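Asks: Before I ask anything, let me first share the structure, which is written out below as structure tokens.
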Amino acid sequence: MAEIDPKKLKDLLEKSGIERMASNWCLFCGASKGAEAMANPFEKADMGQARELIASGVINDFASRLPAELSAASWCLFCGASRAKSPLEAVSQPGALKNENIDKLAQDILKLSH
Amino acid sequence: MTKLDTIFFNLTEACNLKCSYCYANAKQGGNNHTPKNELNLNEISILAAEARELGAERVNLTGGEVFLRKDWFKVFKIFDSLDFSIEFSSNGTLIDQKIADELGKYSNVGFLISLDGDKETHELMRGVPGSFDKTMKGIQLLEKVQIPCQINTVINKANYSSVPFLTKFSRDKDISLRLTLLNCSTGRGKESKGLALDTDQIANLIKYCHEVRLRGSRLFLNLPPLLLPPEDIIPIRNPSCGWANGLCGILPNGDISVCALAHEHKELVAGNIRERSLKDIWLNSALFNELRGLNSQNLEGVCGKCTFREICGGACRLSAYMNSSSFLGPCSICQEFYDKGLVKENF
């Protein structure tokens, strides 16, 4: 089991500040409003530690005490995943959903022939 | 008190189609519906009021085919009068101008319409010639009166090749398209197990979905977060869809079940509203209380190790129960991906 230092985590989260605020719901894991953080404490940590932090309740407990204005963020405390984007922000090629592109993707990825 | 949020209400077992994989094992009776042992309007009024009192704000009216019940509008009005948000799950074939005009007056209504693919594929799976055109007409009528609509497709080997058609349809209509994998062993779904996609097809579908979403598609896959690229994960507000912790299923005869898909499992029926009140069943039944006591940390297999276990809750627990006879069994799709080494690194 990974060593967990709740105080260290709390310090890390508080340092990251209000500027990281962004969304209401984590698009990665769907964690509810109030459970997101303003930084990704696991960015360079192994996910094993992230799992332990989630399972131990440290994260939930901390998130429940966050002030309302910090409850929305770009990074998720629950899953520790990387930066979340809204579905619209995730569209990198707007206008490219043309028939020929759909057919090509279906052919290349789904292995469907015309 | 555990708040009730959503009720899935199977109004009737009757259906005018005969889908090969129907989870509800709906009875095909053409358009002539004779109710058998279904809750009457008085019983539904009491049920709706109790659900509201327990906190429910959303009802999904499903079947069978809802519009085969001649009193469907009275049922709708019961829930509307209690300020419910009301979703209809329908095959769309019976939606006519009158229904569209009537429902178009309300702002608390949405539709989930089942569509399996292009005309040939859809009718092959639905078992009734002409059903595709009727569904298309139903969608068109809803579109005209601006009722929000979503297409639901149960994706399997028989309609896998229709995915490009469905993508284009969703784009042209600007309607979201939800793909759910055939993975349910209830009703006629049991006989369709051979139609379930294999792991390679699922992995390809995940990649395809991601690529078309980058291009603006409103297609999304109803899969556990472990299997999806981060941008494609749907926010989950209730782990495991919330059964016993916000959601329950109501069967046509008044049985209160853990979800609408559990109709064949008597052990998953918590009680019947003809014998006990919904409030008593929801708050005091041994079954619901047992389910509320389950801890995601005790999930088995890959789910017990997963980063997302707290918020995913192991995905559909009914499927897990049917596959492993345990409420704590692993999600079979995630387990298969894990066993084959296909899940994300450091999941």
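The values are calculated or read from the model by the stated rules, or taken from the named source; none is laboratory data. Everything quoted here is computed from the prediction, not taken from an experiment. A quick note on method: Cβ atoms are made from the backbone with ideal geometry, for glycine too, and the neighbour counts reach across all protein chains shown.
Asks: What residue, of B:SER170, B:SER161, is under 25 Å from B:ILE86 (Cα atoms), touching a Leu at 6+ places or on another chain (Cβ under 9 Å), within 13 Å of chain A (Cβ to nearest Cβ) and in a helix (DSSP H, G or I)?
Replies: Working: B:SER161 fails: under 25 Å from B:ILE86 (Cα atoms).
The match here is B:SER170.
Asks: Which residues, taken from the stretch B:66-92, are among the aliphatic types (A, V, I, L, M) and under 14 Å from B:ARG52 (Cβ atoms)? Lay out the reasoning, then the answer.
Replies: First, the residues of the stretch B:66-92 that are among the aliphatic types (A, V, I, L, M): B:66, B:68, B:75, B:78, B:82, B:86.
Once the filter is applied, which keeps residues that are among the aliphatic types (A, V, I, L, M) and under 14 Å from B:ARG52 (Cβ atoms), the stretch B:66-92 yields B:ILE78, B:LEU82, B:ILE86.
Asks: Go through B:ASP116, B:ASP96 for me and flag whichever is crowded, with 18+ Cβ neighbours inside 10 Å, charged (D, E, K, R) and at pLDDT 95 or above.
Replies: B:ASP116
Asks: Considering only the stretch B:305-335, how many residues are crowded, with 23+ Cβ neighbours inside 10 Å, of a type in the set (Gly, Ala, Ser) and part of a helix (DSSP H, G or I)?
Replies: 1
Asks: Which residues, counting only those in the stretch B:271-304, are exposed (fewer than 14 other Cβ atoms within 10 Å of the Cβ), modelled with pLDDT under 85 and part of a helix (DSSP H, G or I)?
Replies: B:GLN297 - this is the single residue of the stretch B:271-304 that is exposed (fewer than 14 other Cβ atoms within 10 Å of the Cβ), modelled with pLDDT under 85 and part of a helix (DSSP H, G or I).
Asks: Name, by its number, the condition in (1) away from chain A (no Cβ under 12 Å); (2) of a type in the set (S, T, N, Q); (3) surrounded by fewer than 20 Cβ atoms within 10 Å (Cβ to Cβ) that does not hold for B:THR135.
Replies: So the condition that B:THR135 fails would be (3).
Asks: Residue by residue through the stretch B:160-182, note down the ones that are within 11 Å of A:LEU97 (Cβ to Cβ) and hydrophobic (A, V, I, L, M, F, W, C).
Replies: None - no residue of the stretch B:160-182 is within 11 Å of A:LEU97 (Cβ to Cβ) and hydrophobic (A, V, I, L, M, F, W, C), so the list stays empty.
Asks: Ok, one more. So in the stretch B:220-239, with the set limited to residues that are surrounded by 22 or more Cβ atoms within 10 Å (Cβ to Cβ) and more than 9 Å from chain A (Cβ to nearest Cβ), which one is modelled with the lowest pLDDT?
Replies: Residues of the stretch B:220-239 that are surrounded by 22 or more Cβ atoms within 10 Å (Cβ to Cβ), as a first pass: B:221, B:223-227, B:233, B:236.
Add one more test, that the residue is more than 9 Å from chain A (Cβ to nearest Cβ), and what stays is B:221, B:223-224, B:226-227.
On the way: B:LEU221: 89, B:LEU223: 89, B:PRO224: 86, B:LEU226: 83, B:LEU227: 88.
Top of the filtered list is B:LEU226.
Asks: Looking only at the stretch B:129-137, decide whether some residue is touching a Gly at 6+ places or on another chain (Cβ under 6 Å) and of a type outside the set (Gly, Ala, Ser).
Replies: Yes, there is a match, as at least one residue in the stretch B:129-137 is touching a Gly at 6+ places or on another chain (Cβ under 6 Å) and of a type outside the set (Gly, Ala, Ser).
Asks: May I pose another question? Give the residues of the stretch B:88-120 that are β-branched (Val, Ile, Thr), within 21 Å of the chain's Cα centre (by Cα) and over 14 Å from B:ASN152 (Cβ atoms), sorted by residue number.
Replies: Scanning the stretch B:88-120 gives B:THR93, B:ILE95, B:VAL109.
Asks: Please indicate, with yes or no, whether at least one residue in the stretch B:41-61 is closer than 18 Å to B:ASN152 by Cα and part of a loop (DSSP other than H, G, I, E, B).
Replies: no
Asks: Of the residues B:LEU182, B:LEU112, B:LEU177, which is out of contact with any Leu (no Cβ under 6 Å at 6 or more places or on another chain) and either at negative phi or without any contact (Cβ under 8 Å) to a residue 24 or more places away in the chain (or both)?
Replies: B:LEU112
Asks: Return the residues of the stretch B:80-126 that are out of contact with any helix residue (DSSP H, G or I) (no Cβ under 7 Å at 6 or more places or on another chain), among the aliphatic types (A, V, I, L, M) and not in a helix (DSSP H, G or I); say none if nothing qualifies.
Replies: B:LEU112
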